[in-house]
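Notes for the one structure printed next.
The values are calculated or read from the model by the stated rules, or taken from the named source; none is laboratory data. Note that this is a predicted model, so its numbers are computed, not measured. Because the Cβ atoms are built from the backbone with ideal geometry, glycine has one as well, and the counts that use them run over all protein chains shown.
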Amino acid sequence: MKTVLLGLIIPILILIVWEYFAVKVDNTSLLPRVEAVFDRLAHPFTNLLDTGSFVHHILVSATRVLLGFLLAVIIGVPLGLLVGRILLFHRLFSPIIEILRPLCPIAWIPFAMAIFKTYTIADIFGLHYTTNIFGQIQLGMLFVIFYGGFFPIFLNTVHGVKSVKSLYIESALLLGANQRDIFKKIILPSSAPAILTGLRVGLGISWMVIIAAEMLPGSDAGIGYLIMFSYELAEMDILIASMILIGAVGAVLSYGVKVIADRTGRWQARER
Amino acid sequence: MGFVEVEAVKKIFYGEKKEVVALDNLYLTVNEGEFLCIVGPTGCGKTSLLRLIAGLEKPSAGKILIADKMVDGISRDVTLVFQQYSLFPWRNVLNNVAFGLEMKGMQKSERYDYARGLIELMGLTGFENAYPYELSGGMQQRIAIARALAYNSKVLLLDEPFGALDERTRHRLQEQLLEIWEREKKTIIFVTHNIDEAIFLATRVLIMRDRPGRIEKEVKVNLKKPRDRRSREFLQLHIKIREILETILTESGGNNV
Ligand SMILES: Nc1ncnc2c1ncn2[C@@H]1O[C@H](COP(=O)(O)OP(=O)(O)OP(=O)(O)O)[C@@H](O)[C@H]1O
Ligand SMILES: [Mg+2]
C-alpha cells in the first residue's frame, strides 16, 4: 500500500503542474484542462470526431499489434532455438541478423508502405471493401510490428538456449534422455525465463512501433491515427487522452507478460 | 575379466595455451558388484576418470569396457552423480528424482511412488515439492543421489557425494548406501577425499597419484560389516592409506591437499 502511494506522488505532481499551466494559458487547443482530458477518458465508448470511440481505436491497434507480435513469436522463438543450438544455423543467420538489427523498425515504415501499399489482410483473402476488422489490418503495419518484436524475442531466445548449463544436459543424458527429451525437458524449461523476457520486451516494442506506423496514411482507425487526426483538428484533449491510453495499455500488456514470466522464472530468480 | 575395464587410458585436455595430461597409462579393473573407492590428491584426475567411464569424454588413448562392450558415449548401464550441484532448478524434488523414470516412460503415479521411497531413504520426506534453491547443499546432493538411484543403472559412479555433509548425516548415508549396494548388487565407483569414508564403504580402495594421474596403490578392505571405525584393523588401514597419500604429496611438491 505504501509503495502504491509513493508511486502516485509524481503523477499527481504532474497533474497539478499541468492544471496550473492550463489555467494560465487558457487555450484549449494548446493545453486543455485536466478535467477536459479525463472527461474524454471517462466516456470511452463515445464516437470521437466521427471516427469511432477510444475503445474502437484501441481494439484496432491492439489487434494489429497482437497479430504482428504473434508472427514475431512464431518465427522468432523457433529460429532462436535453432540458432542457439545448431552451429550451422548460427553461422547461416548471425551475419544477416547483425546487419538488420541496428535498423530501427521506424526506418522500415516508408519501405513497408511502398511495398505493401495499403493492402490489408482482407485483401489477401479477397474480401475487398469489407467492414470487418481484417479490413483494418494493413500488411505494411504488420510487417513493421513484426520487425520490432522479432529481434528482442529472437535474441533473448538465442541467449537463453546458449546459457543452458552443460551440467544439466549431461545429467539428463546420464539419466536416459534422448535428444528430443533434452530439447523438451532441459533446453526449453531452462531457457523459458529468457524467452519470456524476450516476449515482454518484444511486445513493448511492437506496441511502441504501431503508434508510429499508424501515423502514416492508409488507415482511418487505430489510436495512432486518432492522435494525428485530433492534432489536425486541434483537439488537444483527445490527443492527450489518447497518449494516456497508449501508455496505460502498454503498461497492462507488459505487466501481463511479466506475471507469467515471473511465475515461470521463479527458480531462476532465486537460484544461488 | 572385470565388469568395468580401463586399459592403458590416457586423457589429454587441450587448453588455450598448454595441454594437460590428466591421466596417463591408467589401468583399472572393477568386478561386478564391487564397491570401489578412489582417493587421491586434488586435481589428480578422479573426476576425469569417472567422466571417461560414464562416456562423457573419449580417452585420448587406450580403451574402456563395460560388460565386455567398448564404452562409446553414454550408455544405459552407467550413471554418475556429479561433484557439483546438478539438480534441475526448474523441477521440484519429486520431479528431479523421477526424471530418469520419466525418461523410461514410466507412468506418473508409479514413478512418483518410487521417487517418494527414495526421498524417504535419503531422509528428506516432506521436501517433495521444494525446489532445489530451497535446499541446503547437502540436501541437494542427497536428492541427486536419489535421482541416480531411481535410474537404477548397473554401474553407479559417485564423485565426492558426501563432501558437503556433517559427520552424522554422512555416516547415516554411508550406511544407507551400503544397504542399497548389497540389496541391488550394484557396481559402485566412489570418489572421496575422506579416508575414513573409503575404508568404511569399500571392498577395495585405490589411491591415485597426480601429474599425470594414474593408480598408485591398491588396498583391499577385508573387514566384516558393519565396520567399526574405532577397531584396530580399521585404524591400521587408515594409517596405511594416509602414509601412501602423504608420500604422493611430498613427491609432487606437497602444496596441494
Ligand atoms: N575440461 C578440461 N579442460 C582442461 N583441463 C581439464 C579439464 N578437466 C580437467 N582438467 C584438468 O585435468 C586435471 C584433473 O582434473 P580432475 O577434475 O579430474 O581432478 P580431480 O581429481 O577430480 O580433482 P578434485 O579432487 O579437486 O575434484 C586437472 O589438472 C584439471 O585442471
Ligand atoms: Mg573432482
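Could you check how many residues of segment B:89-101 are in contact with a Lys or Arg (Cβ under 8 Å, 6 or more places away or on another chain) and within 8 Å of another protein chain (Cβ to nearest Cβ)? Total satisfying the criteria: 2.
Going by the structure shown, is B:Asp166 in contact (Cβ under 8 Å) with a residue 12 or more places away in the chain, away from ligand 1 (no atom under 14 Å from the Cβ) and among the charged types (D, E, K, R)? When the stated conditions are applied, B:Asp166 passes them. Listed conditions (1) more than 28 Å from B:Ala8 (Cβ to Cβ); (2) assigned to a helix (DSSP H, G or I); (3) among the basic types (Lys, Arg) are all met by B:Lys240, apart from (1). Looking across segment B:14-49, the residues that are in a loop (DSSP other than H, G, I, E, B) and farther than 14 Å from B:Leu206 by Cα come down to B:Gly15, B:Glu16, B:Lys17, B:Lys18, B:Glu32, B:Gly33, B:Thr42, B:Gly43. Out of the residues in segment B:44-62 meeting the condition of being away from ligand 1 (no atom under 12 Å from the Cβ) and touching a Ser or Thr at 6+ places or on another chain (Cβ under 9 Å), tell me which one is farthest from B:Asp72 (Cα to Cα). Within segment B:44-62, the match that is farthest from B:Asp72 (Cα to Cα) is B:Ala54. Just one of (1) part of a helix (DSSP H, G or I); (2) over 18 Å from A:Gln138 (Cα atoms); (3) not basic (Lys, Arg) fails for A:Leu175. It is (1). With respect to the conditions (1) more than 14 Å from chain A (Cβ to nearest Cβ); (2) touching a Leu at 6+ places or on another chain (Cβ under 8 Å); (3) within 16 Å of ligand 1 (Cβ to nearest atom), B:Ser252 lacks only one, and its number is (2). Entry remark, segment B:155-183: residues being within 28 Å of B:Ile64 (Cα to Cα), within 14 Å of chain A (Cβ to nearest Cβ) and either in contact with a Cys (Cβ under 6 Å, 6 or more places away or on another chain) or within 16 Å of ligand 2 (Cβ to nearest atom) (or both) number 4 in total.
Filtering B:Leu157, B:Leu121 for residues that are touching a helix residue (DSSP H, G or I) at 6+ places or on another chain (Cβ under 9 Å) and either without any contact (Cβ under 8 Å) to a residue 12 or more places away in the chain or crowded, with 19+ Cβ neighbours inside 10 Å (or both) leaves a single hit, B:Leu157. Taking the criterion of being exposed (fewer than 14 other Cβ atoms within 10 Å of the Cβ) and within 14 Å of chain A (Cβ to nearest Cβ), the only residue of segment B:124-135 that qualifies is B:Asn129. Going by the structure shown, is B:Ile12 under 24 Å from A:Ser166 (Cβ atoms), within 14 Å of chain A (Cβ to nearest Cβ) and away from ligand 2 (no atom under 13 Å from the Cβ)? So B:Ile12 does not fit the description; no. Among all residues of segment B:136-154, there is none that is touching a strand residue (DSSP E or B) at 6+ places or on another chain (Cβ under 6 Å) and more than 14 Å from chain A (Cβ to nearest Cβ). The single residue among B:Leu49, B:Leu94 that is closer than 29 Å to A:Ser163 by Cα and assigned by TED's automatic domain parsing to the domain that holds B:Ile180 turns out to be B:Leu49. Checking the structure you have, find out if any residue of segment A:156-167 is within 14 Å of chain B (Cβ to nearest Cβ), in a helix (DSSP H, G or I) and without any contact (Cβ under 8 Å) to a residue 24 or more places away in the chain. Yes.
Among the residues that make up segment B:8-28, is at least one of them closer than 16 Å to B:Phe190 by Cβ and out of contact with any Phe, Trp or Tyr (no Cβ under 6 Å at 6 or more places or on another chain)?
Of all residues in segment B:8-28, those closer than 16 Å to B:Phe190 by Cβ come to B:28.
Filter again for out of contact with any Phe, Trp or Tyr (no Cβ under 6 Å at 6 or more places or on another chain), leaving B:28.
Checked segment B:8-28: at least one residue is closer than 16 Å to B:Phe190 by Cβ and out of contact with any Phe, Trp or Tyr (no Cβ under 6 Å at 6 or more places or on another chain).
Here segment B:77-88 is the region considered, the condition is being crowded, with 19+ Cβ neighbours inside 10 Å and facing chain A (nearest Cβ under 7 Å), and the residue that is nearest to ligand 1 (Cβ to nearest atom) is B:Phe82. Evaluated against (1) touching a residue at least 40 places away in the same chain (Cβ under 8 Å); (2) of a type in the set (Gly, Ala, Ser); (3) farther than 30 Å from B:Leu245 by Cβ, B:Gly105 falls short on exactly one condition, (1).
Looking only at residues of segment B:184-219 that are in a helix (DSSP H, G or I) and within 16 Å of ligand 2 (Cβ to nearest atom), we find that the one that is surrounded by the most Cβ atoms within 10 Å (Cβ to Cβ) is B:Ala198.
Residue selection: B:Ile145 satisfies the criterion of being of a type in the set (A, V, I, L, M, F, W, C), at pLDDT 90 or above and away from ligand 1 (no atom under 16 Å from the Cβ).
Let's see how each residue does on (1) crowded, with 19+ Cβ neighbours inside 10 Å; (2) without any contact (Cβ under 8 Å) to a residue 24 or more places away in the chain; (3) within 14 Å of another protein chain (Cβ to nearest Cβ):
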site	(1), (2), (3)
A:Met236	yes, no, no
A:Ile244	no, no, no
A:Ala248	no, yes, no
A:Val252	no, yes, no
A:Tyr255	no, yes, no
A:Lys258	no, no, no
A:Arg263	no, yes, yes
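Scanning segment B:51-74 for residues that are at positive phi, surrounded by fewer than 18 Cβ atoms within 10 Å (Cβ to Cβ) and at the interface with chain A (Cβ under 10 Å from one of its Cβ atoms) turns up at least one hit.
Here segment B:25-49 is the region considered, the condition is being more than 10 Å from ligand 2 (Cβ to nearest atom) and not hydrophobic (A, V, I, L, M, F, W, C), and the residue that is surrounded by the most Cβ atoms within 10 Å (Cβ to Cβ) is B:Pro41.
Is there a residue being assigned to a loop (DSSP other than H, G, I, E, B) and within 16 Å of ligand 2 (Cβ to nearest atom) anywhere in segment B:50-73? Taking every residue of segment B:50-73 in turn, at least one turns out to be assigned to a loop (DSSP other than H, G, I, E, B) and within 16 Å of ligand 2 (Cβ to nearest atom). Taking the conditions exactly as written (in contact (Cβ under 8 Å) with a residue 60 or more places away in the chain, of a type in the set (D, E, K, R) and either more than 15 Å from ligand 1 (Cβ to nearest atom) or touching a Lys or Arg at 6+ places or on another chain (Cβ under 8 Å) (or both)), does B:Asp24 satisfy them or not? Considered against the rule, which asks whether it is in contact (Cβ under 8 Å) with a residue 60 or more places away in the chain, of a type in the set (D, E, K, R) and either more than 15 Å from ligand 1 (Cβ to nearest atom) or touching a Lys or Arg at 6+ places or on another chain (Cβ under 8 Å) (or both), B:Asp24 comes out as yes.
Here A:Gly84 meets the list (1) surrounded by fewer than 16 Cβ atoms within 10 Å (Cβ to Cβ); (2) more than 14 Å from A:Ile205 (Cβ to Cβ) almost entirely, failing just condition (1).
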